[in-house]
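Read the structure below first, then the notes.
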Amino acid sequence: MPSMFFNQNGLPVYGKLLQQNEINTCMTRLHQAHQALQQLKEDIDKRCEKLQGVFNFLDSKQALYQQLTEQYQQKPTASLALRINKLGQAISDLLGKLEASQPEKVIADLSSDYEELKAALAIKEALILNRP
């Protein structure tokens with residue numbers, strides 16, 4: 001009966017089982033951490049795409065503003081002046097919101113956090129995988 005609880009070297013089988021369970025738990029946590037890092041990377045990429053879309057939209061509105069201003073200089077009308085005024089105000093509002101929210105800084109902070117977390121995870125993963 002005692003041979004059931006000890007392996008050939010006299011070490012408890014229960015200890016080996018606990019060690020294997022701990023390794024399995026650590027591997028599960030590593031997998032979850034990799035998934036969380038992947039989600040963070042996807043979030044950063046989506047933010048970059050959205051910001052690029054906002055800048056493209058802003059560029060198109062500024063080009064339209066320039067075009068309407070040139071038309072107004074050639075043939076001034078009240079409706080064109082009103083449209084230019086509204087468009088100019090919308091562009092100013094968007095620029096103000098971009099300046100207030102600082103999306104480039106947020107993306108840069110998230111990216112640096114991602115790199116730090118990725119490095120820390122690599123260290124922990126190496127420690128777990130190189131256990132005796």
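Details
- Which of GLU116, GLU125 has the fewest Cβ neighbours within 10 Å, and the rest in rising order: GLU116, GLU125
- Counting all C-alpha pairs of the chain, share separated by more than 28 Å (%): 55
- Taken as Cα centroids, the range 62-132 and the range 26-40 sit 29 Å apart, rounded to the nearest whole angstrom.
- You can think of it this way: the chain between THR77 and GLN32 has 10.0 nm of extra reach, that is 0.36 nm per residue less the Cα-Cα gap.
- Straight-distance crosslink candidates among lysines, where the alpha carbon sits under 21 Å from LYS46 and sequence neighbours closer than 8 are dropped: LYS97, LYS105, LYS118
- Cα-based helix-to-principal-axis angle, 103-129 vs the chain, degrees rounded to 10: 10
- The chain - percent relative contact order, Cα under 8 Å, separation 6 or more: 33
- Cross-link reach list, lysines versus LYS124, counting only Cα pairs under 21 Å and skipping chain neighbours closer than eight places: LYS41
Every number here is computed from the coordinates shown, using simple stated rules; none is lab data. Just so you know, these numbers come straight off a predicted model, no measurement behind them. Cβ sites come from the backbone with ideal geometry, for glycine too, and all protein chains shown count toward neighbours.
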